[in-house]
Structures are given as structure tokens and as C-alpha cells.
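The values are calculated or read from the model by the stated rules, or taken from the named source; none is laboratory data. Here the structure is a predicted model, which means the values were calculated and not measured. Methodologically, a virtual Cβ is constructed for each residue, glycine included, from the backbone with ideal geometry; neighbour enumeration extends over all protein chains shown.
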Amino acid sequence: MNSQLVYKKAYWMAGDVWVLIVRSIKHIYKNYDQLLGLTIQPIMFMLLFRYVFGGAIVVDTGTYVNFLMAGILVQGLAFGSLTTSFSIATDLQRGIIDRLKTLPIASWAVMMGHVTGDLVRNGLQAFILISMGILVGFQPTASALEWIVIAVLIVLFTLAISWIAAIMGLLAKTIESVSWLGFLVIFPLSFASSAFVPTETMPAPLRVFAENQPFTHVIEAIRALTLNRPVGNHLWMALVWCFGIILVSIPIAGYLFRRHGGR
Amino acid sequence: MLSTQENAIIIEDLKKSFKNLEVLKGVDLTVRRGNILALLGPNGAGKTTIIRILSTLLHPDNGNVFVNGFDIKTQPQEVRRSIGLTGQFADVDEYLTGLENLLMMGKLYHLSRSVITRRTEELLKKFDLTEAARRPVKTYSGGMRRKLDLAASLIAYPPIVFLDEPTSSLDPRSRLNVWETIKKLLNDGVTVLLTTQHLEEADFLADTIAVINDGRIIAEDTPGRLKSRVGKERLELVIKRQDDFERAVTVITGNDLSHNSAEKTVSLAIENGVNEIQGVLNQLAESGIEVDTLTLRKPTLDDVFMHFTGLKPDEGRNEAA
């Protein structure tokens with residue numbers, strides 16, 4: 001293969017990925033029911049914990065809403081990232097992926113499109129959630145640099161969960177099964193963590209799990225960064241977990257994608 | 001070796017199994033350039049498997065397959081550039097508008113901007129979708145959706161188009177509309193391979209009909225000749241009494257005779273219209289056999305199957321493939 005051909009192929013491949021990213025981004029606002037649902041749920045959770053449960057929870061961050069923000073944010077991002085599994089399962093059932101496979105393109109570009117779409121939606125969602133948080137009394141003290149680190153964490157965490165969601169979407173037999181599959185994974189990880197309450201009061205085995213699982217590291221890192229507290233090893237552990245999940249899940253998703261359709 | 005100049009699709013001794021289930025048991029089929037061939041068969045006969053292999057979605061276990069002169073095994077990318085795929089398992093994006101769907105497909109085929117614009121307008125107009133072009137596809141009717149699907153597969157001027165049950169689950173009016181749309185393809189010199197479960201559809205659209213059952217092609221002919229082998233029309237008689245029914249079976253003579261003792265029906269092919277029917281009724285009257293009801297109907301896929309296999313389609317293997 002001469003270099004001009006390689007260049008042309010790379011150009012086309014980047015173009016294909018871009019076309020499919022645009023498609024997924026269009027889904028965000030064309031399918032506004034979904035966006036609305038994904039945004040309203042964490043807002044309801046925030047109001048629930050802020051005003052109903054919050055008063056009874058003792059934390060060391062001054063007000064409870066300061067403690068809560070990072071937890072709500074990470075849980076919202078995790079559920080938002082599950083959209084990739086819906087999108088991929090839907091494309092598979094409807095035959096859109098089959099059609100794309102008969103085009104002269106790299107068919108995995110469709111997965112890239114959905115994962116990137118999630119990233120854009122989650123960015124939007126994070127902005128809305130933090131703004132809502134400030135409305136109900138959240139007082140961040142993060143510097144500009146710290147906000148940038150928080151943004152990087154949001155991106156990496158979203159990518160990690162989206163690629164896991166891609167695997168679930170490829171494994172699911174029906175679109176319906178995707179929803180409980182995602183719930184089964186995200187629900188325990190987001191509640192058995194330091195998202196809503198300090199882990200100190202949990203029974204020993206649960207506490208060990210809660211303090212060492214990736215969600216807690218991401219939550220604690222964001223919490224410390226927003227409130228100007230020492231980050232400890234949480235930031236590094238969060239980065240290691242996110243990169244680790246991304247590096248392992250991309251090849252698995254790629255393998256499952258190629259295998260699909262009896263090839 | 002068949003000529004790939006004359007034939008757009010060449011299939012030789014194609015075999016495919018899923019686990020222990022042999023779905024294709026040695027299929028031979030050729031489609032001449034510019035022709036429409038209908039693959040007619042019941043569910044599970046292997047129609048969709050053939051389309052999936054031709055469109056590079058499945059690997060064959062055995063046999064040679066050439067599409068537009070390219071070997072599907074060694075030149076899948078060239079095959080993909082030569083084909084358009086529509087039907088059961090290819091769909092459009094329902095959140096995007098019709099126009100956006102076509103533009104996206106054009107970009108994915110790496111067509112130039114000006115070609116995409118021209119072709120999109122042309123296809124929307126041709127398929128009567130110009131007015132609906134800026135509406136999301138989820139607001140489309142079933143027939144509009146199929147037409148958009150068809151347009152999407154034609155965006156890059158493919159010389160060969162596969163239509164997998166293009167009118168399944170459409171109401172009769174939309175079906176006719178989609179048929180007329182498919183007919184228009186012929187004017188562009190496109191080669192079409194379509195699958196269907198309806199003899200009527202194959203008859204309306206195709207130059208050649210290949211009847212497939214249980215993974216094998218059991219007949220291949222023009223619609224006219226195929227139908228004349230099954231009879232232009234079928235006369236179906238319901239005999240009043242059970243003992244009369246048994247006598248009726250021996251009394252009635254004719255082509256493609258079949259009977260069902262549980263329902264007390266006898267049916268046969270009618271070639272020459274009223275005179276022949278009169279003849280049959282006379283035979284029965286002379287023997288004193290009373291007829292309950294009499295119907296004259298167009299031959300169906302069932303009759304074609306009875307003719308070539310001696311079986312009703314659902315008596316064959318019933319696999320979903």
C-alpha cells in the first residue's frame with residue numbers, strides 16, 4: 001500500500017467516524033424525551049437528598065449539599081452513560097448496524113459515534129446539575145485549574161462507563177434487557193459508595209467494598225477538588241480505574257461487535 | 001465458469017449451516033445484468049441467509065459467490081461498493097429526518113457533496129418523499145419508511161440491489177406503491193434480487209422466479225411459464241357428504257389435483273376457463289355428487305409448493321434462518 005492510499009483511507013475513516021458522531025449528537029436533541037428523563041432524574045435525587053434526607057445525615061463538609069454534589073454528579077453521569085447500551089442494542093435490533101456493515105466503512109465507527117454522543121450529553125448534564133446544585137446552596141471553592149481536572153475526570157469516567165455500556169448493549173438479547181442489566185450494574189456501584197453518606201457507618205464488608213470501588217474514588221476526588229480539601233490518593237486511583245476500564249473494555253467491545261451477526 | 005460480464009450475480013453450490021442446522025444445501029443461481037430475480041419461498045427456506053451471504057454479512061461454508069464480478073470471500077469491500085441493501089434487517093434511523101438519513105448514507109459512501117445533493121433530491125422526488133423529507137422518520141407510514149429505506153440503498157448508484165421481503169407487513173395500498181417504486185429501478189438498468197413469500201409479488205415484479213424450499217432451488221422459470229405449470233387459476237370444491245367426497249376424488253380428472261379429506265375439498269388447475277369448470281361440474285352431476293361450495297382463485301405460493309414438492313410449505317422443515 002502506498003502512502004497516498006494510506007492517507008486517503010485514514011481521511012475516509014476519520015470522516016466516517018465524524019458522520020456517525022454527528023448522528024449520535026443529533027439523537028440527543030431529537031430524542032429530547034430521553035435527555036429530559038436523564039436530566040430530571042438526578043435533579044429529583046438532588047432535591048430528595050438535599051431537602052428530605054439531608055438534614056438527618058451528618059457530614060464533615062459544612063453543609064450536606066456540599067457533600068452531596070459530587071455523589072449526585074457521578075451517579076447522574078453513570079446512568080447517562082448507559083445510553084450507549086440502549087443506542088447500540090437498538091441499532092442492532094433495527095438492523096442499522098447490518099446496513100452499516102454492508103457499506104465500505106469501518107463499522108465500529110458507529111460505536112465511536114454513540115460513545116462520543118454520550119460524552120456530549122453528559123457534559124451538558126454535568127453543567128445543568130452543577131448549576132442546579134449552586135441554586136440549592138452548593139458552594140464550590142475550586143480554582144480554574146481544579147475545574148479543569150474535574151472536567152477531565154468527568155470525561156474519563158463517562159468514557160469508562162460508556163464502553164462498559166457498549167459491551168452490555170452488544171450482549172443484550174433485547175432492548176428491554178438492556179435496562180435492567182444497566183440498573184443491576186450501576187445501582188449498587190452508585191449507592192454502595194460515598195455518594196450520599198459517609199462510608200464510616202456501613203457494616204465492615206460493605207464498607208471495604210464501598211471505599212475501594214471506582215465510583216467512590218471518582219466521587220471523593222471531585223468532592224475534594226470542589227471543596228478545596230486534600231485529595232489524597234483518590235485522584236490517582238480514579239484515573240487508574242478509568243484508564244484501566246477503558247483499555248480493557250474497548251478491545252472486548254470490538255471483539256463482540258465483529259462477532260455479531262455470525263461472522 | 002459463467003461470465004461475470006453477463007451475470008451480475010453468480011452462486012455456485014452454496015452451502016451454509018448454523019450449528020447443526022443445514023440451512024443452504026447447495027444453491028446454484030445466476031442473475032443476468034439488468035434483470036429482476038425473485039427468490040420465492042416460505043419462512044425458513046434460506047432466502048435471508050442467501051441475501052446475508054451476498055451482502056458480505058455472513059461467510060459461506062462452501063461454494064463460489066460472485067457479485068458484480070467480485071468474489072465475496074476475497075473482495076468484500078469491492079462487493080460492498082457494488083450493492084444496495086433493503087429490507088427486513090436493514091433499516092433507517094427513525095430519529096433523523098428522511099433527508100438527513102439520505103445525506104448520512106451519501107457521506108458514508110464517500111460521495112462528493114454535489115453528487116450527494118443531486119442524488120438525494122432525485123431520489124426523494126422519484127419516491128414521492130420530497131414533502132416528507134424534513135420530517136423525522138418515526139412520523140412516516142410503513143410504506144414511506146420502506147421507500148426511504150429503498151432510496152437509502154440506492155444513494156451511491158449501486159449496480160445491484162438486494163430487497164429482502166420489501167413489502168412484508170405493509171397494507172395492500174402501500175404494497176402496490178412500493179411495487180411501482182421497485183419497477184422504476186428497472187429503467188435505470190439496476191439488477192435486483194428480491195425475496196418474497198408471495199407469488200403475486202414475484203409475478204408482478206420479476207423477470208425470473210426461483211422457488212426455494214428447504215435450502216435448495218426447486219424450480220426456476222419466468223413468472224408466466226411457472227404459473228402455467230401450476231395453472232392459471234385454481235378451482236376449489238367443497239363436497240357436501242363424506243362418502244361423496246371419496247367418490248369425487250376418483251371421478252374428477254385434471255391437472256395438479258389435490259384433496260383434503262378432513263375439509264372435504266378437492267382442488268385442481270384450470271387452464272381454459274368456464275368450459276373446463278363446466279366439464280368438472282358435469283362429471284360430478286353425472287355421478288350424483290353434491291357440491292357445497294365452489295371457489296375460483298389465483299394460484300398461491302402454497303400451490304406452487306404443492307406442485308413442485310408434493311408438500312404444503314409448512315410441512316417442510318420449519319426453521320427460522
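Taking the listed residues B:N64, B:N20, B:N43, B:N68, the one that is at positive phi and surrounded by fewer than 21 Cβ atoms within 10 Å (Cβ to Cβ) is B:N68, with no other qualifying.
If only residues of the range A:131-185 that are aromatic (F, W, Y) and under 15 Å from the mean Cα position of the chain (by Cα) are counted, the one that is surrounded by the fewest Cβ atoms within 10 Å (Cβ to Cβ) is A:F183. If you filter the range B:76-92 down to residues that are modelled with pLDDT of 85 or more and more than 7 Å from chain A (Cβ to nearest Cβ), you find that the one that is nearest to B:L148 (Cα to Cα) is B:V92.
Of all the listed residues (B:T191, B:T181, B:T253, B:T195), the sole one being farther than 19 Å from B:L85 by Cβ and either surrounded by fewer than 15 Cβ atoms within 10 Å (Cβ to Cβ) or polar (S, T, N, Q) (or both) is B:T253.
Summed over the range B:117-138, the residues that are farther than 15 Å from B:S153 by Cα and either in contact with a Ser or Thr (Cβ under 7 Å, 6 or more places away or on another chain) or within 14 Å of chain A (Cβ to nearest Cβ) (or both) give a count of 6.
When residues in the range B:20-75 are screened for being among the acidic types (D, E), more than 19 Å from B:L2 (Cα to Cα) and more than 14 Å from chain A (Cβ to nearest Cβ), 1 of them pass.
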